[in-house]
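Below you'll find the structure, written out as structure tokens, and then a few comments.
Rule-based calculations on the coordinates, nothing more; no lab input. Not measured: the values here are computed from a predicted model. Neighbour counts are summed over all protein chains in view; Cβ atoms, including those assigned to glycine, are modelled from backbone coordinates with ideal geometry.
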Amino acid sequence: MLFAEHEEERMSQDTEPDKTLTIGQLAQLTGIGQHTLRVWERRYDALKVLRLPSGHRRYPHEEVKRLRAVASAIDKGFRTRKVVNNSLDELEKLLNPTSANPSLENTEHPVSTLRDTPLILEWVTASRHYDEGYLTAQFYHEWGLRGPLPFLSELAVPFLKEVGQQWEDGELTVSQEHFASEALSDFMGGQWRKLNERNVGGSFVLTTLPGEQHRVGIQMCALTTALAGRRVVFLGKDTPVVDTVSAVHRSTSQALGISISISYPVKEALKCILELRNELPERVHLILGGAGVGNIPEKKIPEGVSAFTSIEDYFLWLNNSSRTLSG
């Protein structure tokens, strides 16, 4: 039985406070933030709520185990709206599918399969409320706690994927999606510019293809490039091919990095990439990155172009290329 049908279970009867939990206690016991719990309650009617005679809201102890199972299901890639109302029995079947129940397998595309899902959901909730102060403080905290590359791979990338998925599902508005992307972009921009001030390695021009409206990917590329000691020449998004080529020549850069979003048309991307490769000197490395790279068939990527689908691979390439790309 789904918990979405439990409105009649909201009680105004006498309930002993010591047998129930406040939302703060529920958050501590489940590892799910208070903001997220409130959103689940308001948006999905997903928490069993008990009311004290005083009117205060309390939550039964049995919700702890169920909500932990909800968090585990989300961690395995299930969409929040698909599991947040499920009973504990239903959740246990999802988390421990058997060959006798193949229909219970998770056939959805996983959003993330990492331990940080609750934290990422907290960030999404903050984005839903346009809470820039909270987001920025969290970015700084996790950056200092984990270090730059783990911050990007473990948090920034999954956060953007979750934001994009929730926008597609209608759970976030366009403005909320933009807010989240811009907050992360601004943070990363501030971080790589600090590094860039003292970098002395060979310069990399970084931009996007003409018509590209997403800049968070190129900010991520800039941060990774700066972390490897290269000097970033940042053009931002939506740069015409002729101007990109001119910038590479004028800055005597060793490489050109292009970020391609998942929504950029493949045919147009290939056209621009080929034009760039033909216009650039052979000595200049042409590098592609971003979620959109995965949409391009490998055999169609022109010769002399390096394509990366992960931050780690790009960073490793930068380090391994230190001799040929020395300043």
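Say the dipole of the range 190-327 comes from +1 at the beta carbon of Lys and Arg and -1 at that of Asp and Glu; which of Ser203, Ser261, Gly304 then lies farthest toward its positive end?
Ser203
Show me the trypsin sites (Lys or Arg not before Pro) within the range 136-233 that DSSP assigns to loop and that have at most 13 other Cβ atoms within 10 Å of their Cβ.
Hits after loop and neighbour filter: Arg198.
Can you give the alpha-carbon Rg of the chain over 2.2 N^0.38 Å, where N counts its residues?
Computed over Cα atoms of the chain, the ratio equals 1.19.
Please work out the Cα convex hull volume for the range 211-289 and give it in Å³ per residue.
Hull volume over Cα atoms, normalised by residue count, gives 83 Å³.
Quick one: putting +1 on the C-beta of Lys and Arg, -1 on the C-beta of Asp and Glu, what dipole do you get for the chain around its Cα centre, in Debye to the nearest 20?
The calculation lands at about 900 debye.
Which of Leu67, Ala180, Phe151 sits closest to the plus end of the dipole of the chain, meaning its Cα is farthest towards the positive end, when Lys and Arg get +1 and Asp and Glu get -1 on the C-beta?
Phe151
Mind ordering 43-51, 266-274 by average Cβ neighbours within 10 Å, highest first?
43-51, 266-274
So how much slack lies between Leu274 and Ser175, counting 0.36 nm per residue of separation and subtracting their Cα-Cα distance, in nm?
32.2 nm
Helix 117-128: angle to the longest alpha-carbon principal axis of the chain, degrees 0 to 90, nearest 10?
The two axes meet at around 80 degrees.
For Ser181, Ser259, what's the fewest-to-most ordering of other Cβ within 10 Å of each Cβ?
Ordered from fewest to most neighbouring Cβ atoms within 10 Å, Ser181, Ser259 come out as Ser181, Ser259.
Quick one: Cα convex hull volume of the range 166-215, Å³ per residue?
Expressed per residue, the convex hull around the Cα atoms of the range 166-215 is 98 Å³.
Is it possible to state the helix-based mean residue ellipticity at 222 nm for the chain, with each DSSP H run of 4+ residues giving -39500 (n - 2.57), the sum divided by total residues, to the nearest 500 deg cm²/dmol? What is it?
-14500 deg cm²/dmol
Determine the shape class of the range 27-91: with a ≥ b ≥ c the square roots of the Cα gyration tensor eigenvalues, call it rounded for a/c under 1.5, and otherwise prolate if a/b is greater than b/c, oblate otherwise.
Because a/c hits 1.5 or more and a/b exceeds b/c, the range 27-91 counts as prolate.
Show log10 I(q)/I(0) for the range 117-188 at q = 0.13, 0.24, 0.26 Å⁻¹, two decimals, from a solvent-free Debye sum over equal Cα scatterers.
The computed values of log10 I(q)/I(0) come out as -0.31, -1.08, -1.26.
Quote the charge dipole size of the range 247-327 about the Cα centre in Debye, to the nearest 20; the model charges only the Cβ of Lys and Arg (+1) and of Asp and Glu (-1).
Value, rounded to 20: 120 debye.
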